[in-house]
Amino acid sequence: MRLLLYIFCRAMDTIQQSEPQSKVSAFDKLRKAATFTIAGVEDSIPLRSLVQVFVFISIGAMDSVANLNNSSWAIPLSAIAAVWAWYARRKRNVIVKLFIAIAMIATLVIFLNDIARQTEETRLLLARLLIQLQVLHSFDLPRRKDLGYSIVIGLILMSLAATLSQTMLFALWLIAFLLVGIPILLLDHRSRLGVQTVSFQPKKMGISLLPLSGLMAIVLVLGLTIFAFLPRLPGFQLRNFPVSVNLAVQRQLPKGDILTRQQQNQQKQSRTNGTGANGTGRTGGNNDQETLPPLFAPEIDTASAGANQLNKRKPELVMRVRSQAELFWRVMSYDEFTGKGWRISRNDPKQIRTIKRNPINYEFFLPSPAYGFTGSKTLSNKLIKSVASQEVVQTYTITSPNFPNLVPAAAVPNRIFFPSEELDIDQEGMIRAPGPLPEDLTYTVISEVVERNPQQLRQIPNEYPRVIRDYYLQVPANLSPQVRDMALNFLANAKNQDGQAIALDNTYDRVVQIAQSLKQNYAVKNLKFDLANGDLVSQFVEQGGGEESHFVSTMAVMLRSLGIPTRYVVGFSPGKFNPFTGLYEVQNIDTQSVVEVYFPVYGWLAFDPVPNRPLFPSSINSDRTFGVLQTFWNWLANLLPSPVANFFRAVFGSIGKFLGGVITWLVEMGWVGVAFGLAIAFTVGLGGWALWQFMIWWWQLRRLQKMPIPQRTYQQMLQWLSEQGNPKAPHQTPQEYAACLCDRVSAQQAYAIAQITQIYQDWRYGNTLGDRTSELKMLLSRLKAKI
């Protein structure tokens, strides 16, 4: 390139031969600029190499968590560019820089265009831009600060990968990132001191493996400790929610249809044979796919043998959920009991509502169910207004390749960000996509979750809207009288905590009593169902138990027989919470059904009558602010003997009760309590500060005593100068600090500072120190001497 530029300039000078020789040609200046060498060039090959590896790791981490393919071209091209930049590090490279600038502007224009068109998620577009800029930047890396720009790009890419990561695989990339990052900091510090490193040998690089390993262990332990104590406060304050814009779900099914596994197999076979397929999901067939149990269909047969045996299925991850609260991920809701299962009675296309998305983004506004939260005329306005609710944001990522077109969502969804042009909503408020949900699909749901308040629920009368009475009180005509009699018997045997019989005069207590009675009086076992002997619930009562879904059906029918509206709901339990990723990992074996009971104003509330499961499914009361500590304590408590675990629980509980009691006492005292509390807080804070200062002084004293003489003398010099009003800034090297003190101290003190600094650097980086103890003491005394 230099040769071509020189020939070009020479040719232009030839054209201008007729001009006076005294005039300096502009091309002469350009030629001189091309041959001018750059000052401050970074010659350290280990530093350059490690910076490139540092960036390669960040690119690989981004590709692994986002399923991109940048590594195949970005890493080799960046490596070639770095090699070229090494050989051209002392050249001006004007033409190269010009082309780099043009290319960077082009990539920026493409990035802004993609942002405007929403071709992909913003974080992925930003990562692609940074990778392109890094490759272009690698062609021009003469100075240390240019390498610093590459380090910043690597940090940003790793941060983006952290926000996209959903598995523990990212931890391996993070450890590799740390392994390379620490030596880079050491080599960068040596470069700032003017010590060049040209060899990869640890000793010549100034790196000792044992201290480096200790430093990395300290960083890991400290980082994990901070991560464990860091509270996970509710996020999503921004309204640009994650959604897979590159995985659009197109209309593949008729309006309101539900795609079963059988239909998927038929479509695959039809495509293989080269013919089309037109299936309908309204025939009532079970979903026989291998991944998910047969619970997602317009009509389900829960009485069939093996229909509910989830434990026999091979566990497989079906989705990951990031949520502000631990909730039940609802998928399907059924209103009609068929005697051996449940069906959706209002599944006609005319009863399905299709909604369109916002034209400028992927936001859908979901309609409220027809019954909504309408309440009784006897309800007071004060009670209606006192019902509290909370907005909860959930982001779902589908990981199963065989997921139907049903869209999981918690509680009452009112908005959804989904990559499709339209969605179908049934009469139960369940969401159906126009096609099956592809693997790696991400969408976000905003739901309104009502806080369960037992005192308020006991005040709500059992007066329901007509739409509720028409569809959610139906029972089979041949239902055995024993079912209703057993429900009344459960209510008659209700007792309080003291064991005394009580009369249940409200719907909420009756629901809770029947759910608890089913848990206590029936066992989970195989039910021998015979259609000739009646419906499923009657045989469940007669045989004294059944499978898990049979408990749910029995509770729903028992409550209906008492005039309490219910529905059968199928979905997923929260799954296993991963404290390191902050995601709920939901498997196919987490599929379960619950009973939802309708309460005016509140809407549908879930209850679980299955033994060994919580009576109330997870709701917004499940706090995950300190999820890592909670998970660690649960794991530790399982390892400890029961008496030891109970002892620690009692100790922590007593501390919590004491602190709570003190705060309550201070609040009850009014302003006097507030003043007294502030005085206590000030005293505790002052005492803690004094203790902390004493610990720092003692630690520094012990640390100085263990240091070698040069390091101890240098630290004593820094401490004395800081007391004199000349502290050393963290970013200053020893030489920079000594140079900036020349005009602040006397000549004698400046000489002492320079000598102590030089001896310290010789010892720290050159290992050339002899016996200079007496000289250092004399220099330190000269520094502190009053002039």
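The values are calculated or read from the model by the stated rules, or taken from the named source; none is laboratory data. Since the model is a prediction, treat every value here as computed from it, not as a measurement. In this analysis, Cβ positions are derived from the backbone assuming ideal geometry, glycine residues included, and neighbour counts consider all displayed protein chains. The accessibility values were calculated without ligands, DNA or RNA, using every heavy atom of the protein model including side chains. Shrake-Rupley method; radii C 1.70, N 1.55, O 1.52, S 1.80 Å.
Looking only at the range 156-165, decide whether some residue is assigned to a helix (DSSP H, G or I), open to solvent by 30 Å² or more (accessible area, probe 1.4 Å) and not aliphatic (A, V, I, L, M). Taking every residue of the range 156-165 in turn, at least one turns out to be assigned to a helix (DSSP H, G or I), open to solvent by 30 Å² or more (accessible area, probe 1.4 Å) and not aliphatic (A, V, I, L, M). Restricting Val180, Val152, Val109, Val96 to residues that are in a helix (DSSP H, G or I) and in contact with a helix residue (DSSP H, G or I) (Cβ under 7 Å, 6 or more places away or on another chain) narrows the list to Val180. When the range 472-511 is filtered for residues that are over 19 Å from Glu596 (Cβ atoms), touching a residue at least 12 places away in the same chain (Cβ under 8 Å) and assigned to a loop (DSSP other than H, G, I, E, B), the ones remaining, listed by number, are Pro476, Asn478, Leu479, Ser480, Asn493, Ala494, Leu504.
Mind listing whichever residues of the range 345-364 are among the basic types (Lys, Arg) and open to solvent by less than 40 Å² (accessible area, probe 1.4 Å)?
Residue satisfying the conditions is Arg346 alone.
Please enumerate the residues belonging to the range 122-143 that are touching a strand residue (DSSP E or B) at 6+ places or on another chain (Cβ under 9 Å) and surrounded by fewer than 19 Cβ atoms within 10 Å (Cβ to Cβ). Listed by number, the list holds a single entry, Arg143. Pairing residues of the range 596-616 that are in contact (Cβ under 8 Å) with a residue 24 or more places away in the chain and part of a loop (DSSP other than H, G, I, E, B) with residues that are of a type in the set (S, T, N, Q) and open to solvent by 10 Å² or more (accessible area, probe 1.4 Å), at Cβ distances under 6 Å and at least 6 apart in sequence or on separate chains, gives Pro600/Ser376. Applying the condition of being polar (S, T, N, Q) and farther than 15 Å from Thr591 by Cβ to the range 317-344 and asking which residue is least open to solvent (accessible area, probe 1.4 Å) yields Ser323. Just wondering, is there one or more residues in the range 554-575 that are in a loop (DSSP other than H, G, I, E, B), of a type in the set (A, V, I, L, M) and open to solvent by 30 Å² or more (accessible area, probe 1.4 Å)? Scanning the range 554-575 turns up at least one residue that is in a loop (DSSP other than H, G, I, E, B), of a type in the set (A, V, I, L, M) and open to solvent by 30 Å² or more (accessible area, probe 1.4 Å).
Taking the range 522-540 as the range and being touching a residue at least 24 places away in the same chain (Cβ under 8 Å), assigned to a helix (DSSP H, G or I) and surrounded by fewer than 22 Cβ atoms within 10 Å (Cβ to Cβ) as the test, the residues that pass are Leu531, Ser538. Specify the residue that is surrounded by the most Cβ atoms within 10 Å (Cβ to Cβ); the eligible residues are those in the range 203-243 that are modelled with pLDDT of 70 or more and closer than 20 Å to Gln761 by Cα. Step by step, filter the range 203-243, then rank; the result is Leu212.
Only one entry of Phe200, Phe170 meets the criterion of being among the aromatic types (Phe, Trp, Tyr), closer than 20 Å to Phe56 by Cα and at pLDDT 85 or above, and that entry is Phe170.
Out of the residues in the range 701-728 that are assigned to a helix (DSSP H, G or I) and basic (Lys, Arg), state the one that is most open to solvent (accessible area, probe 1.4 Å).
The residue in question is Lys706.
Taking first residues from the range 114-127 that are of a type in the set (S, T, N, Q) and partners that are modelled with pLDDT of 85 or more and crowded, with 16+ Cβ neighbours inside 10 Å, no Cβ contact under 6 Å between residues at least 6 apart in sequence or on separate chains turns up.
Which members of the range 641-650 meet the condition of being open to solvent by 50 Å² or more (accessible area, probe 1.4 Å) and not aromatic (Phe, Trp, Tyr)?
Pro641, Ser642, Pro643, Val644, Asn646, Arg649, Ala650
Within the range 49-91, restricting attention to residues that are in contact with a helix residue (DSSP H, G or I) (Cβ under 6 Å, 6 or more places away or on another chain) and open to solvent by 50 Å² or more (accessible area, probe 1.4 Å), which residue is nearest to Leu157 (Cα to Cα)? Ranking the candidates gives Val53 first.
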